[in-house]
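Inspection log for the structure reproduced underneath, given as structure tokens.
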Amino acid sequence: MSKIAVYFPGTGYHCDKPLLYYSRSIACELGYKNYRNINYTYNSGNIRGNDEKMKETYEVLFSQTEAELADIVWSDYDDILFISKSIGTIIATSFAEKYGLKHARHVLYTPLAQTYLFAPNHAIGFIGTSDPCSNTDEIIQLSNANHIPLTVYDGCNHSLECNDTLKNIENLKDVMQRTMDFCKQYSNKHDCIY
């Protein structure tokens, strides 16, 4: 089975931060040896609460994503895994919709409400109750309406962190275990070097 994983960061949360770094490591262990980290070059500044700036940022980042993934022949892959964070969740789900990747699976770290406009078929999500970028109750309702399992972390912010370092490590372990369980649904373990 041919597999690929693509990592869609947030504007301030790059692919070497904990959620994306460890999920990449897990996916690689599960046989996703082909992977891409999307790297945005656009600095949007603070877009929270500014719908116009959010739309502009999305359009620029989506265009950059298309350019970075233009050489991939998606039909070559039996298993496509998109792991995304924040605005990256909107980009990943809208990219899958635009390119007809209905069998792509999504791990959504701190999804934004707009993510659900593209209703991914196979997804799992994670959110904190103190996330200033999302209305947690709205994300819970949207996840339920779209049949997307959502894990909610009490007191955690947009990075799924709180003021207790050991609790953050405990939560990160839980997030990664759930990510691994989701990824394992179609994967076998392999050695990985990257």
For segment 1-154, whose charge dipole is built from +1 on Lys and Arg Cβ atoms and -1 on Asp and Glu Cβ atoms, the candidate among Q64, P149, L30 with its Cα farthest towards the positive end is L30
At R0 = 22 Å, FRET efficiency that the Cβ-Cβ distance of D71 and Y22 yields, to 0.05:
0.25
Filter the chymotrypsin sites (Phe, Trp or Tyr not before Pro) in segment 1-108 down to the DSSP loop ones having no more than 15 other Cβ atoms within 10 Å, then list what survives.
Y42, Y99
Ranked by GNM mean-square fluctuation in the chain (Cα springs under 10 Å), the top entry among G155, G128, G88 is G155
Sparsely packed trypsin sites (Lys or Arg not before Pro) within segment 56-135, loop by DSSP, other Cβ within 10 Å at most 16
K102
Would you pull out the residues with amide H under 5 Å of R36's amide H, same chain only if 5 or more places away, H placed 1.01 Å from N?
A5, V6, Y7
Would you mind calculating the gained length between V152 and S63 on full extension (0.36 nm times residue separation, minus the Cα-Cα distance), in nm to one decimal?
28.9 nm
Put K3, K184 in order of accessible area, largest first, 1.4 Å probe: what do you get?
K184, K3
For segment 1-116, size of Cβ-based charge dipole, Lys and Arg +1, Asp and Glu -1, in debye
300
Determine the per residue accessible area of segment 20-135 with all protein chains present and a 1.4 angstrom probe, expressed in square angstrom.
43
What is the list of residues in segment 10-27 whose amide nitrogen lies under 18 Å from a point 7 angstrom out from the Cα of K98, following Cα to Cβ?
10-11
Using a 1.4 Å probe over the heavy atoms of the protein chains, calculate the carbon and sulfur portion of the accessible area of the chain as a whole percent.
47
Based on DSSP H runs of at least 4 residues, each adding -39500 (n - 2.57), what is the mean residue ellipticity at 222 nm of the chain after dividing by all its residues, to the nearest 500 deg cm²/dmol?
-12000 deg cm²/dmol
Anyone know which of N34, N163, N135 comes out most mobile in the 10 Å Cα GNM of the chain?
N163
Can you give me the relative contact order of segment 101-143 as a percent, contacts being Cα pairs under 8 Å and 6 or more apart?
42
FRET efficiency (N163, E52; Cβ distance; R0 25 Å; to 0.05) is 0.15
For the pair N135/D174, report the inter-label distance in nm, with labels modelled 7 Å from Cα in the Cβ direction.
2.5
Student exercise, the chain dipole from Lys, Arg, Asp, Glu Cβ charges, in Debye to nearest 20:
320
Anything over 23 Å Cα to Cα? Flag those among K55/K184; K17/K102; K33/K184; K53/K85, in the order listed.
K55/K184; K17/K102
Which residue, N157, N43, N171, has the most motion in a Gaussian network model of the chain that connects Cα atoms within less than 10 Å?
N43
Relative contact order for segment 74-145: what is it in percent, counting Cα pairs under 8 Å that are at least 6 residues apart?
28
Relative contact order, percent, the chain [alpha-carbon distance under 8 Å, six or more residues apart]:
23
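The values are calculated or read from the model by the stated rules, or taken from the named source; none is laboratory data. Predicted, not measured: the structure shown is a model, and the values here were computed from it. Cβ coordinates were reconstructed from backbone atoms using ideal geometry, including for glycine residues, and neighbour counts include every protein chain displayed. Note: areas computed on protein heavy atoms with side chains; ligands, DNA, RNA excluded. Shrake-Rupley method; radii C 1.70, N 1.55, O 1.52, S 1.80 Å.
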